[in-house]
Every structure is written in structure tokens, then in C-alpha cells.
Amino acid sequence: SLGGRGAMRRLGWNWLVRAGSAPLFVVALSFGVVNAIYWSFAVDLLTRSGEFYGLSQVAGPVFYAVLGVVGFAGLFTGDAVARFGLRRVLVAIQASLGISVGLLGLAPASLLAVGVSAVLFGIGVMTMSALLSVWSSAVFLEQPSTGFSATLFLFAVGNVTGPAAAGVFAGI
């Protein structure tokens, strides 16, 4: 990283440990776990839960299309943080993600539950992705790209470990 006069300054692990970094990293890791589990198992769960109203051939593509379209809500994350604050937006996103996972797990054969789950997850996943960027920039003011890279690393660790752990617990 560049110091005050253009000289390279080496960053150590202790640079990442600072006020605000622990909650950011825990959220990034847990979001990675939930994100990967949902993407890995959602369509399989809903197609295995029955004929799914005769739509089992197109259930996956339609489900993913809904997730993608409503994900455009992520474009408004910065405005939401400016208006309501990071904590409130984070809680709303976590509620959205939690409800979406719960609905899909509890009622995978219900068209309404699956639709609401897809909408809530699509909004939640895109706004959380944007929120991690905004949040890490606030925590790592002097080097936002380095801080965001560390945040994305923990998100990736969650993406790798989440489905593996879920598979073990589910007996898959």
C-alpha cells in the first residue's frame, strides 16, 4: 500500500483487526454460508418436494429469474444506509434472508411460499452484497479495497464451508 510519500507500506494481519472489523467479518462469513446453502439446495428442494404444480421442468429457471430481477433492489443500498443507517439496513436484510430460508425450508411445495422466498432472498442477497462493500469502506477508510478483499475472502470461506457442512448435517 502507498504511504504518505508514495513509498510502499506493508500491511500485516494486525491491520485487519480494528474497531468494527469483527462484526463485518462475522456477517461476511455467515452471509457466505447462508448464500451458498440457499443457491446450492433451493431448486433441488423445491423440485423434490412434489410435482410443483406441473412446473418442475421450469421451476429452477423461473426461480432464479425471480431472484435476479428483484435483486435490482441492491442498487438502492447506499441510499438506504444514508437514510436509515447501516445497523437498521443490516437487520432488515438479515430478516429478509432468514425469512426466505425459513419459508423455503418449511413450505417447499407451496407456490406462494417459494415465490415470497425467492423475492426476499433476491432482495436480501443483492443488498447484503452491496452493504458489505459500503460497510467495509467505512471500516477501512484508508484502504477500502484491501478491507473489502478481506471481507470477500471471509464471504468465500463461508461459500465453501456452508454447503459442505449442510450436506454433512443433512446426511447428503
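The values are calculated or read from the model by the stated rules, or taken from the named source; none is laboratory data. Note that this is a predicted model, so its numbers are computed, not measured. Cβ sites come from the backbone with ideal geometry, for glycine too, and all protein chains shown count toward neighbours. SASA here: full protein model, heavy atoms, side chains in, ligands and nucleic acids out. Shrake-Rupley method; radii C 1.70, N 1.55, O 1.52, S 1.80 Å.
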Name the single residue that is most open to solvent (accessible area, probe 1.4 Å) among those in segment 138-172 being more than 24 Å from residue 18 (Cα to Cα) and hydrophobic (A, V, I, L, M, F, W, C). 169
Looking at this structure, is residue 57 surrounded by fewer than 19 Cβ atoms within 10 Å (Cβ to Cβ) and within 12 Å of the chain's Cα centre (by Cα)? no
Filter result for residue 127 (among the polar types (S, T, N, Q) and buried (at least 16 other Cβ atoms within 10 Å of the Cβ)): yes
Search result, residues across segment 98-142 that are within 18 Å of the chain's Cα centre (by Cα) and not hydrophobic (A, V, I, L, M, F, W, C): 98, 100, 102, 105, 117, 122, 124, 127, 129, 133, 136, 137
Filter segment 143-172 for residues that are without any contact (Cβ under 8 Å) to a residue 60 or more places away in the chain, out of contact with any helix residue (DSSP H, G or I) (no Cβ under 7 Å at 6 or more places or on another chain) and under 20 Å from residue 13 (Cα atoms) and give the result. 145, 149, 153
Residue count, segment 71-113, condition surrounded by 14 or more Cβ atoms within 10 Å (Cβ to Cβ), of a type in the set (Val, Ile, Thr) and free of Cβ contacts under 8 Å to residues at least 24 places away in the same chain, comes to 1
